[in-house]
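I have placed the structure first, in the form of structure tokens, so that the comments after it can refer back to it.
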Amino acid sequence: MSFLSNLVIPLVLCAIFGVALVQKVDILSAFSHGVLEGLKIVLDMFPALMLLTVAIGMFESSGALELLSRALSAPAVALGLPAELLPLTLLRPLSGSGALVVFENTLSQYGPDSLLGRIASVMMGSTETTFYTIALYCSAAGIKKSRYAAPASLCADLMGFCASVMAVRILLP
């Protein structure tokens, strides 16, 4: 079984080259055309991704994350979200790498088998970097009017965070 799985990718590549040779496709020009199209897409998405990256850096380094976490601790507790996980819930829709740092800090401080560690783990696996995804897909698809994408996605993130807490408390007491 292991021997066959090691051959899958080389066999697929050989099949692609074989079909290209049989159909007399110029592989080099097709590859060059694909690279050029990919670079055009990257250049179209670059402004949105650069803006998002700068905004996240400013949000974290200005102390706004800490201030917002403290301000939202009472409503979060009312929703059942632990106040210690608020920085993770605030950063996860914005930045995957920033959320990963907060997640690692949570695991090192509380432990992976603690209630907070388990909730944070489920949150990381069940939510998305919303604004990155919106910026990426809307700019790639050429969508200019994405008015309702962010509010709808943030509502879905909030439900994902609340469902993560409930699932861990019910399934992993």
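The values are calculated or read from the model by the stated rules, or taken from the named source; none is laboratory data. These figures come from a predicted structure and were not determined experimentally. Every residue, glycine among them, receives a Cβ derived from its backbone with ideal geometry; neighbour counts consider all protein chains shown.
Numbers for the structure displayed
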{"read-out": "Failed condition for Cys155, given (1) touching a residue at least 60 places away in the same chain (Cβ under 8 Å); (2) farther than 21 Å from Val54 by Cα; (3) surrounded by fewer than 18 Cβ atoms within 10 Å (Cβ to Cβ)", "value": "(1)"}
{"read-out": "Any pair with Cβ under 6 angstrom, 6 or more apart, that starts in segment 58-87 at a residue that is at positive phi and ends at one that is part of a helix (DSSP H, G or I) and surrounded by 13 or more Cβ atoms within 10 Å (Cβ to Cβ)", "value": "Gly80/Val165"}
{"read-out": "Boolean, Leu85 is closer than 30 Å to Cys155 by Cβ and aliphatic (A, V, I, L, M)", "value": "yes"}
{"read-out": "Residue pairs meeting the criteria (Cβ under 6 Å; at least 6 apart or on separate chains; first within 28 Å of Pro173 (Cα to Cα), in segment 117-138; second among the acidic types (Asp, Glu) and part of a helix (DSSP H, G or I))", "value": "Thr127/Asp157"}
{"read-out": "In segment 122-135, residue modelled with the lowest pLDDT [restricted to those that are in contact with a helix residue (DSSP H, G or I) (Cβ under 8 Å, 6 or more places away or on another chain) and of a type in the set (Gly, Ala, Ser)]", "value": "Ala135"}
{"read-out": "Flag if Ile119 is assigned to a helix (DSSP H, G or I) and loosely packed, with under 13 Cβ neighbours inside 10 Å", "value": "no"}
{"read-out": "Subset tally (residues that are modelled with pLDDT of 90 or more, in contact with a Pro (Cβ under 9 Å, 6 or more places away or on another chain) and either crowded, with 17+ Cβ neighbours inside 10 Å or closer than 24 Å to Ala150 by Cβ (or both)) for segment 91-116", "value": "2"}
{"read-out": "Within segment 1-90, helices (runs of 4 or more DSSP H) holding 2 or more residues that are among the aromatic types (Phe, Trp, Tyr) and modelled with pLDDT under 90", "value": "2-22, 27-61"}
{"read-out": "Number of positions in segment 49-59 that are over 17 Å from the mean Cα position of the chain (by Cα) and surrounded by 12 or more Cβ atoms within 10 Å (Cβ to Cβ)", "value": "1"}
{"read-out": "Residues of segment 128-152 that turn out to be over 18 Å from Lys40 (Cα atoms) and surrounded by fewer than 18 Cβ atoms within 10 Å (Cβ to Cβ), as a count", "value": "10"}
{"read-out": "Residue check for Leu172: modelled with pLDDT under 90, farther than 19 Å from Met45 by Cα, loosely packed, with under 13 Cβ neighbours inside 10 Å and out of contact with any His (no Cβ under 9 Å at 6 or more places or on another chain)", "value": "yes"}
{"read-out": "Residue in segment 13-20 that is free of Cβ contacts under 8 Å to residues at least 12 places away in the same chain and exposed (fewer than 10 other Cβ atoms within 10 Å of the Cβ) present", "value": "no"}
{"read-out": "The listed residue being on the phi < 0 side of the Ramachandran plot, among the hydrophobic types (A, V, I, L, M, F, W, C) and in a loop (DSSP other than H, G, I, E, B), out of Ile143, Ile134", "value": "Ile143"}
{"read-out": "Hey, Tyr110 among the hydroxyl-bearing types (Ser, Thr, Tyr) and either over 22 Å from Arg169 (Cβ atoms) or touching a Lys or Arg at 6+ places or on another chain (Cβ under 9 Å) (or both) or not", "value": "no"}
